[in-house]
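The values are calculated or read from the model by the stated rules, or taken from the named source; none is laboratory data. Just so it is clear, the model here is predicted, and its values are computed rather than measured. Methodologically, a virtual Cβ is constructed for each residue, glycine included, from the backbone with ideal geometry; neighbour enumeration extends over all protein chains shown.
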Amino acid sequence: MSKIQTQKDLVGKTILTNSLAFAKRFDINHKHLLEKIRKLDDGIISSNFIKDTFLNSRGRAYPMYNITDFGVDYLIYTMGKPKTPDLVYIRDEYIKIRISTNSIATAYEYIKDIDIPDFNLDDLIYTYFIQDIDNDSVKIGRTVNVKSRLQGLNNASSTRLDLILYLHGDYEFYLHNLYKEYRLNGEWFKYDVLLDFIRNYSQSFIKLDKLTYYS
């Protein structure tokens, strides 16, 4: 087992994990993860990814990064589509716990040893956020085919509808209950409230004028 050389935390920062452990949890090649981190904005790297080394079984030192809570959050939200159903489940469970607790540390601790259920990728449901631009509202719904659902809604609508966000997993009931005070009608909710939600839980690294799709 490799021995990790630890480093003191930065003042005011919480070190949650390191690049080795993160790569293992999400089945990412560690070398590729290091390359991704090095390409990040200098401000993000200096505050959230702390250079360190680990020793392999032969005692040779190799580079790694200690990662803060924000760094973990950033990597998970920007990792793109995981390559297996198990990893999709882990990523989506992180997002669900992150939203419900507003705690990165709690969400990451939860997924470290999570039990993966048996399921088929074809059975995955998507939770979508579709914006009605003219009426300043957002529909939160679920579907097995996001593209088809958007097309169907647009065909039946007199106003323009745009897909602004979707998640793998069925979070419709949870989100409807969370935002029930801001419901306009049925599955439609206040647009500005949903923007606050995205801004708060995405830590400002998603540009609100061109939202990143979680896919």
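Looking only at residues of the stretch 151-170 that are touching an Asp or Glu at 6+ places or on another chain (Cβ under 8 Å) and surrounded by 12 or more Cβ atoms within 10 Å (Cβ to Cβ), we find that the one that is farthest from Thr84 (Cα to Cα) is Ser157. Per the conditions (1) within 22 Å of Ile111 (Cβ to Cβ); (2) polar (S, T, N, Q); (3) free of Cβ contacts under 8 Å to residues at least 60 places away in the same chain, the sole criterion not satisfied by Ser57 is (1). Among the helices (runs of 4 or more DSSP H) lying completely within the stretch 61-132, list those that include at least 1 residues that are closer than 30 Å to Gly152 by Cα and acidic (Asp, Glu). In the stretch 61-132, 85-101 are the helices (runs of 4 or more DSSP H) which contain 1 or more residues that are closer than 30 Å to Gly152 by Cα and acidic (Asp, Glu). Scan the stretch 164-175 and tell me whether some residue there is of a type outside the set (Ser, Thr, Tyr), more than 16 Å from the chain's Cα centre (by Cα) and modelled with pLDDT of 85 or more. Checked against the condition, which is being of a type outside the set (Ser, Thr, Tyr), more than 16 Å from the chain's Cα centre (by Cα) and modelled with pLDDT of 85 or more, the stretch 164-175 yields at least one hit.
For Asp52, the requirement of being in the same structural domain as Ile15 (by TED's automatic domain parsing), in contact (Cβ under 8 Å) with a residue 24 or more places away in the chain, out of contact with any Pro (no Cβ under 6 Å at 6 or more places or on another chain) and farther than 19 Å from Lys31 by Cβ is not met.
Outside the structural domain of Asn29 (by TED's automatic domain parsing), buried (at least 16 other Cβ atoms within 10 Å of the Cβ), more than 11 Å from the chain's Cα centre (by Cα) and under 13 Å from Leu167 (Cα atoms): is that true of Tyr94 in this structure? No; evaluated as a whole, the condition is false for this residue.
Applying the selection to the stretch 128-163, what residues are within 20 Å of Tyr182 (Cα to Cα), hydrophobic (A, V, I, L, M, F, W, C) and at pLDDT 90 or above? Across the stretch 128-163, the qualifying residues are Ile130, Val138, Ile140, Leu161.
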